[in-house]
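Chemist: Following this message is one structure expressed as structure tokens.
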Amino acid sequence: MLATDLPTSMIPPATLPPIDLARPFQLALAPGRAALAAASAVATAPHLNATIMLVDDEPINNETVQLHLENAGYRRFLATTNPLEVMDLVRDHHPDTVLLDLRMPALDGFEILAQLKEAPHIRHVPVIVLTASSDAASHLRALELGAHDFLAKPVDPSELVLRLRNTLVAKAYQDHLINYSQLLEEQVRLRTAELELARTEAILCLARAGEYRDDVTGNHVIRVGRYVHVIARELGIDPNRAALLEQAAQLHDIGKIGVSDLTLLKPGKLTMEEYAQMQRHCEFGLKIIQPMADTDWQTLHGSVPAVHGGGLASSPIMRLAASIAYTHHEKWDGSGYPEGLSGARIPLEGRITAVADVYDALSTVRPYKQALPQDECFAILREGRGTHFDPQVLDAFFACQDEIVRIQHQLADAPRTKTSIS
Ligand SMILES: [Fe+2]
């Protein structure tokens, strides 16, 4: 019997027609055995490093296809005659392409295609179906289940190699896109983290710059921010917003930059005029954080919602910071400043910062006072429930007082070494 009388899949590899691997995307017909040299010339082509999985319940079919492909330069194979182990093999070895027989016992090719389609991390592995059937319905069903291509049995070696190469090239493009997409996502993630870190550091630097004017160096702004975060969480505020509040609260006294040294650093009691100027640090803070608000400042008088909704601030964190800087000295009963707002008209972020700021002022050393004992600090805060402080916010503070005290100790200031103003 001549080799040409054999089923194609049974043709010994030595009689394989040549494959022009240098010309992709062409189903070239075999021009002759001499052209096998061309295959060796491109033996280093990346697609030849692909891992090809062969699935057929007849061992001879796997062996024959493998020999055809070895002759074309492929060298990595994964073969099985057991359809039940296909999914595990694909998961474990991540082949670049699966050559799948359709008619198999126990589990046929359709079922394997269906399982692959549902598997999260391997559903993109391309499958070339090998079938002796020319039944259009079977082809359609296989395509619906995600088959990428078909090869008729008996397999024509030329067609096998070229269809496989085309499939691998397409998969290589797909992998490249997936990798590129993952790379971009990673770069965006890193860049976002860098920007967030830069923002965090910039806010802290600005807050500390303000502290230096007030001779309140140390961790005051950090502690106030942390207290605000804890209270906000206890109040049920969204974690992302609570994290923003922590940073925004660090800028609560940044407006003190605008208060004159004579007033800010005055060791004795302030005159009425000096006290009025000191109170203006809320206004200055708003202007510093919201430079765009300058021309519209007058419109804010008595209209705190404009701080939030007036379109004057840029980012959400700076809008919160501006609101806190402006309203953290307001009191629940309306006796605070600068607006004399009362109750819920005071933005929640201002009410929370008021509690955190007062607690830190009471519990730490200041140039003009010693730190008060814990019980005394708590007693003073309780006295202000419903007058100075929002009762709900104060209750949240006491609900997490253990965490507050823990933060206080963790972030305690080092003993002061510079001359204090008393
Ligand atoms: Fe303040």
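Chemist: Give me the distance in nm between label points sitting 7 Å out from Cα along the Cα-to-Cβ direction at R241 and R189, one decimal.
Modeler: 2.8
Chemist: Work from the charge dipole of the range 138-270 (Cβ charges, +1 for Lys and Arg, -1 for Asp and Glu, about the Cα centre) and give the residue of H148, A248, V169 farthest towards its positive end.
Modeler: Selected residue: A248.
Chemist: Okay, next question. H124 to A361: FRET efficiency via 1/(1 + (r/R0)^6), r the Cβ-Cβ distance, R0 60 Å, to the nearest 0.05?
Modeler: Details: r = 60 Å, r/R0 = 1.00.
About 0.50, to the nearest 0.05.
Chemist: Right, here's the next one. Multiply the residue separation of A106 and A152 by 0.36 nm, subtract the distance between their alpha-carbon atoms, and state the gained length in nm to one decimal. Don't skip to the end; give the middle numbers.
Modeler: Details: separation 46, 0.36 × 46 = 16.56 nm, distance 2.21 nm.
Residue separation times 0.36 nm, minus the Cα-Cα distance, leaves 14.3 nm.
Chemist: Still on this model: Using 7 Å Cα-to-Cβ label points, what is the F398/R345 separation (nm, one decimal)?
Modeler: 2.8
Chemist: Loop-only chymotrypsin sites (Phe, Trp or Tyr not before Pro) in the range 319-387, please: DSSP not H, G, I, E or B, and at most 14 other Cβ atoms within 10 Å. Walk me through the intermediate numbers first.
Modeler: Values: sites: Y326, W332, Y359, Y368, F378; in loops: W332, Y368.
In loop regions of the range 319-387 (DSSP not H, G, I, E or B), the sparsely surrounded chymotrypsin sites (Phe, Trp or Tyr not before Pro) are Y368.
Chemist: Also, quick follow-up: Taking 7 Å along the Cα-to-C-beta vector as the label spot, tell me the A132-T271 distance in nanometres, rounded to one decimal.
Modeler: 11.0
Chemist: Related question: Mind ordering 190-199, 96-105 by average Cβ neighbours within 10 Å, highest first? It would help to have the intermediate numbers written out before the result.
Modeler: Working: 190-199: 10.6, 96-105: 21.7.
So the peptides 190-199, 96-105, ranked by packing, come out 96-105, 190-199.
Chemist: How would you order 392-402, 55-65 from highest to lowest mean count of nearby Cβ atoms within 10 Å?
Modeler: In decreasing order of mean packing, 392-402, 55-65 become 55-65, 392-402.
Chemist: If you don't mind, another one. For the range 215-410, what is Rg from Cα atoms divided by 2.2 N^0.38 Å, rounded to two decimals? Walk me through the intermediate numbers first.
Modeler: Details: Rg = 15.9 Å, N = 196, 2.2 N^0.38 = 16.3 Å.
After normalising by residue count via 2.2 N^0.38 Å, the value is 0.98.
Chemist: On to the next question. Can you list residues whose amide H is under 5 Å from L130's amide H, if they're 5+ apart or on another chain and H is modeled 1.01 Å from N?
Modeler: The answer is L100, D101, L102, L151.
Chemist: Something else now. Of all alpha-carbon pairs in the range 68-222, indicate the percentage at a distance above 28 angstrom. All intermediate terms of the calculation are to be shown ahead of the outcome.
Modeler: Values: 5126 of 11935 pairs.
So the pairs more than 28 Å apart make up 43 percent of the total in the range 68-222.
Laboratory data are not the source of any read-out in this text; all were calculated from the coordinates shown. For clarity, every value in this text was computed on a predicted model and none was experimentally measured. Here Cβ is always computed from backbone atoms with ideal geometry, including for glycine, and neighbour counts include all displayed protein chains.
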